[in-house]
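Report on the following structure.
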Amino acid sequence: MAIKNDKKKLNKTNALINKHLCNFIADKFLRVTKNQEGKSISQNQYSDMVGLSSSTISKLKSLEGYNIPISTIYNICRHEKYSLKVLFKEFEDKYGVDIPE
């Protein structure tokens, strides 16, 4: 019984981390989508440039977030010419290393 409770707690924590990470990425890059020259573009244009579906961008922008794969984060960072290391450092600076429940 304790193992099930631990797994449930871990799943809840993981969902919270994903929510915060999605919101962080959305605030940083997706609330106003831009091309590499800094001009505002539509979400559909942005999703084509990044190599993701528009629905994936919508899920990232939703307040609930979703279980975001690292490949999605990489595609966005590659387009934005932004280091994964810097992105995760900024995320850690904002939320800490131990996100509470």
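Each reported figure results from applying straightforward, stated rules to the coordinates on display, with no laboratory input. As the structure is a computational prediction, the values presented were derived from the model and not from experiment. Heads up, the Cβs are rebuilt from the backbone with ideal geometry, glycines too, and the neighbour counts pull from every protein chain shown.
Descriptive notes on the structure:
- Rel. contact order, % - alpha carbon contacts under 8 angstrom, at least six apart, the chain: 32
- P(r) for the chain, from all Cα pairs and a bin width of 5 Å, is 2, 12, 22, 23, 17, 10, 7, 4, 2, 1, 0 %, short bins first.
- The charge dipole of the chain, taken about the Cα centre with unit charges on the Cβ atoms of Lys, Arg (+1) and Asp, Glu (-1), comes to about 180 debye, rounded to the nearest 20.
- Above-threshold pairs, the threshold being 22 Å between Cα atoms, out of Lys19/Lys59; Lys39/Lys61; Lys12/Lys94; Lys61/Lys94; Lys7/Lys89; Lys34/Lys81: Lys7/Lys89
- A DSSP coil position with no more than 16 other Cβ atoms inside 10 Å describes the following trypsin sites (Lys or Arg not before Pro) in the range 5-54: Arg31, Lys39.
- Radius 13 Å from Cβ of Ala26, net charge of other residues (Lys, Arg +1; Asp, Glu -1): +2
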